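Participant: Here's a structure for you.
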Amino acid sequence: MAAQNDAGGHLSAVPSPEEQAGLERFNALIAEDSRIEPRDWMPEAYRKTLTRQISQHAHSEIIGMQPEANWITRAPSLKRKAILIAKVQDEAGHGLYLYSAAETLGTPREVLNEQLLSGKAKYSSIFNYPALSWADMGAIGWLVDGAAIANQVPLCRASYGPYGRAMVRICKEESFHQRQGFEILLELAHGTEAQKRMAQDAINRFYEPALMMFGPPDGDSPNSQQSMEWKIKRFSNDELRQRFVGMIAEQVKVLGLTLPDPELRFDEEAGRWVHKDLDWDEFKAVIAGNGPCNAQRLERRREAHENGAWVREAAAAYAAKKAQKAQVA
Amino acid sequence: MDHSLDSYGDATASATRVTPGNALRPEDIAIQPERPSQAVARYAVRLGDDSLILSHRLSEWVSRAPELEEDVALGNIALDLLGHARSFLSYAGLAWGKTEDDLAYFREEEEFRSLHLVEQPNGHFGVTIARQLMVSIYQDLLYAGLTGSTDNTLAAISAKASKEVAYHRDHAVQWTLRLGLGTEESARRMRHALEILWPYVNELFLDEPLHDELGDAGVRPSALKAAWEREIAAVLEEAGLEVPQTRAALCKGRQGEHSEHLGYILAEMQVLARKHPGATW
């Protein structure tokens, strides 16, 4: 029954000939590593999984603007200010084209936005932590954008065409973001004692949440298997996490700072990096809404949406009047 | 898979990327051999401060705009203005052995030369658009004039700024039309916005003794007034709005007497830099 339900989105035991043909073609495309495009037939569950994943990603970009916007007006040099504004702008842009990619699956942006505002949709948990110091702009760029890249580079080959293509562009921009974050930390690490402390403190606070961005351990990630079969996801959470931690273990040496993980080492035998146990209870609590900034982040979105309602109404009314005029003329 | 920091060096789309071949960057101005005269430096501070403070105001919108597209647009305008400010302040600083950051972060409030209009709070979206309309039309005319400045650096900065400000003007005009002709509420809000900002318009056109010293290196503010009034009246008429009749406020921003708002703007802008004097970032 489950297969029919996945295929057709209803519980009829016998798929129609069209559905059967669609499913066969879909399976063939996945098997040969081709791309599924918006007009192709696809199983309802595939559509749903992708809509959820792409919109969560879009929401993360939009909510992720907030901790960084928090430092634009206080950026300590005009050059850093310019780079930070540009970065936050990039994120709004990412949000926009991810919403467009999600829309190709049939859910309009307003509906997706409504899901975010009502708290029904999730976004990356990391943005529920506060950006407390300027060094956090460095740590967010280096660790958070770095983890995002490690997660997203394989998504450039995701089986759904519009998503894969959006990820190509996003990954390119994210790599600049990661570099500017690293540069901020590098400058602080070579600065005064107070600046060094600031940098180390930011790394200490963002290390664990950044590692948790890859999602729960493989044994506790129920949706992963299906996503791998559909070739949306290419590597497991733990696999990506250990790769990432290996990268930052090397990069932190360039900074002359440390990662807050005495257990971090490369296991020669297993050929993989081993890190300390992460606090998954905290992860679940933050996802459930108990992070330091969950309420604040959503309230900011709601406020912007409500305060902007009259503006959007005016724009719509103006467009309608213009269209009417054009018709008359 | 190569995950090193340099593995995506071919990207072209990022706004964070410094575009190559873009000759006139503040970093280049800061090391150029040509120094401004004292008068030109003081003038450049005025131009730089207006853009810096307005950029600060617009950047306050980021993550708060009515639509994502406006987060991008207002952020983009803030970024352009910041670029202009950096160029003007870098150039001015050459006269006194100071950097753009010395001037932005370590001057006192009374040493700033910004206009009261750019210091005004964002208010609702309509207030911001009204302020943008006023300033962008002004800067459009100003930079067009300054492109012919006898000071080569001012002319070059203005030529670049002129192209960007034309886009700011277009953005403000389009929104003025939407809000003026959109709904009753948006028209009411827009009328109110124009009325509360209009008192600060007069200051845009006040000449100072400095402009006599500048000669053809600068543009006399009073010379822009007629064209500005014509242009804004045309936009407002098309938008079904009227030119406000509110009186001019007495403003002395160019002499260092500012609105009550500037102190808060600077407190926020300068706090971190001043906490770590001598540090580099």
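Participant: Please specify each residue of segment B:226-245 satisfying the condition of being open to solvent by less than 60 Å² (accessible area, probe 1.4 Å) and either of a type in the set (S, T, N, Q) or touching a helix residue (DSSP H, G or I) at 6+ places or on another chain (Cβ under 9 Å) (or both).
Facilitator: B:Ala227, B:Trp228, B:Glu231, B:Ile232, B:Val235, B:Leu236, B:Ala239, B:Gly240, B:Leu241, B:Val243, B:Pro244
Participant: Here are some conditions: (1) open to solvent by 10 Å² or more (accessible area, probe 1.4 Å); (2) more than 30 Å from B:Gly215 (Cβ to Cβ). B:Thr99 meets all but one. Which one does it not meet?
Facilitator: (2)
Participant: Does segment A:228-245 contain at least one residue that is in a helix (DSSP H, G or I) and at the interface with another protein chain (Cβ under 9 Å from one of its Cβ atoms)?
Facilitator: yes
Participant: Give me the residue from segment A:126-182 that is within 26 Å of A:Gly289 (Cβ to Cβ) and aromatic (Phe, Trp, Tyr) and, out of that set, nearest to the other protein chains (Cβ to nearest Cβ).
Facilitator: Of everything passing the filter in segment A:126-182, A:Phe127 is nearest to the other protein chains (Cβ to nearest Cβ).
Participant: Separate question: Just wondering, is there one or more residues in segment B:88-95 that are in a loop (DSSP other than H, G, I, E, B) and away from every other protein chain (no Cβ under 13 Å)?
Facilitator: Within segment B:88-95, one or more residues are in a loop (DSSP other than H, G, I, E, B) and away from every other protein chain (no Cβ under 13 Å).
Participant: Of everything in segment B:183-236, what is farther than 30 Å from A:Ala309 by Cβ and charged (D, E, K, R)? Give them in sequence order.
Facilitator: Scanning segment B:183-236 gives B:Glu203, B:Asp207, B:Glu208, B:Asp212, B:Glu213, B:Asp216, B:Arg220, B:Lys225, B:Glu229, B:Arg230, B:Glu231.
Participant: Going residue by residue through segment A:253-275, is there one that turns out to be open to solvent by less than 40 Å² (accessible area, probe 1.4 Å), at pLDDT 95 or above, within 14 Å of chain B (Cβ to nearest Cβ) and part of a helix (DSSP H, G or I)?
Facilitator: yes
Participant: Please indicate, with yes or no, whether at least one residue in segment A:95-113 is of a type in the set (S, T, N, Q), touching a strand residue (DSSP E or B) at 6+ places or on another chain (Cβ under 9 Å), open to solvent by 20 Å² or more (accessible area, probe 1.4 Å) and touching a residue at least 12 places away in the same chain (Cβ under 8 Å).
Facilitator: There is at least one residue in segment A:95-113 that is of a type in the set (S, T, N, Q), touching a strand residue (DSSP E or B) at 6+ places or on another chain (Cβ under 9 Å), open to solvent by 20 Å² or more (accessible area, probe 1.4 Å) and touching a residue at least 12 places away in the same chain (Cβ under 8 Å).
Participant: Can you report the number of residues in segment B:58-75 which are part of a helix (DSSP H, G or I), surrounded by fewer than 24 Cβ atoms within 10 Å (Cβ to Cβ) and in contact (Cβ under 8 Å) with a residue 60 or more places away in the chain?
Facilitator: Residues meeting the conditions: 1.
Participant: A further question follows. Residue by residue through segment B:173-206, note down the ones that are surrounded by fewer than 21 Cβ atoms within 10 Å (Cβ to Cβ), more than 26 Å from B:Gln255 (Cβ to Cβ) and without any contact (Cβ under 8 Å) to a residue 40 or more places away in the chain.
Facilitator: Selection gives B:Gln174, B:Thr183, B:Glu184, B:Glu185, B:Arg188.
Participant: Out of segment A:36-48, which residues are open to solvent by 20 Å² or more (accessible area, probe 1.4 Å), in contact (Cβ under 8 Å) with a residue 12 or more places away in the chain and within 22 Å of the chain's Cα centre (by Cα)?
Facilitator: Of everything in segment A:36-48, those that are open to solvent by 20 Å² or more (accessible area, probe 1.4 Å), in contact (Cβ under 8 Å) with a residue 12 or more places away in the chain and within 22 Å of the chain's Cα centre (by Cα) turn out to be A:Glu37, A:Pro38, A:Ala45, A:Arg47.
Participant: Then there is this: Just wondering, is there one or more residues in segment B:207-219 that are under 16 Å from B:Gln245 (Cα atoms), away from chain A (no Cβ under 14 Å) and either more than 20 Å from the chain's Cα centre (by Cα) or open to solvent by less than 20 Å² (accessible area, probe 1.4 Å) (or both)?
Facilitator: no
Participant: Then there's this: When you scan segment A:70-171 for helices (runs of 4 or more DSSP H) that lie fully inside it, which ones turn up with 2 or more residues that are more than 30 Å from A:Glu187 (Cα to Cα)?
Facilitator: In segment A:70-171, A:78-103, A:109-117 are the helices (runs of 4 or more DSSP H) which contain 2 or more residues that are more than 30 Å from A:Glu187 (Cα to Cα).
The values are calculated or read from the model by the stated rules, or taken from the named source; none is laboratory data. Quantities reported herein were computed from a predicted structural model and do not represent experimental measurements. Here Cβ is always computed from backbone atoms with ideal geometry, including for glycine, and neighbour counts include all displayed protein chains. Side chains included, ligands, DNA and RNA excluded: accessible areas come from the protein's heavy atoms. Shrake-Rupley method; radii C 1.70, N 1.55, O 1.52, S 1.80 Å.
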